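Below is one structure; the comments refer to it alone.
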């Protein structure tokens with residue numbers, strides 16, 4: 001019996017886009033950092049700790065959360081994050 005196995009790309013991209021990596025900023029002064037919880041267990045605890053470190057350093061943060069961890073973040077949420085911040089941290093916590 002011949003068994004055919006098909007592998008699927010879990011990123012849901014039909015044609016992945018390659019982008020060059022942006023250079024990190026020289027300073028976080030005057031910048032806002034988005035902290036996005038993707039909805040995994042204990043992700044909010046991780047974000048809490050990060051936010052504490054950023055605030056101690058005088059860095060502005062804004063928090064966001066995906067509606068569910070099982071799907072890609074909605075486009076409008078990603079656009080809002082990009083419009084309101086210069087940097088982003090995505091909390092995986094696994």
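The values are calculated or read from the model by the stated rules, or taken from the named source; none is laboratory data. Remember, it's a predicted structure, so these values are computed and weren't measured experimentally. Cβ: placed from backbone, ideal geometry, glycine included. Neighbour counts: every protein chain shown.
Among the residues making up the stretch 58-76, a single one is within 22 Å of residue 21 (Cα to Cα), without any contact (Cβ under 8 Å) to a residue 60 or more places away in the chain and exposed (fewer than 15 other Cβ atoms within 10 Å of the Cβ): 75. Report yes if residue 14 is more than 13 Å from the chain's Cα centre (by Cα) and at pLDDT 85 or above, otherwise no. When the stated conditions are applied, residue 14 does not pass them.
Table: residues versus (1) modelled with pLDDT of 85 or more; (2) more than 13 Å from residue 89 (Cα to Cα).
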| position | (1), (2) |
| --- | --- |
| 22 | no, yes |
| 33 | yes, no |
| 45 | yes, yes |
| 49 | yes, no |
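Considering the stretch 56-94, the residues that are at pLDDT 95 or above and part of a strand (DSSP E or B) include one that is farthest from the chain's Cα centre (by Cα), namely 60.
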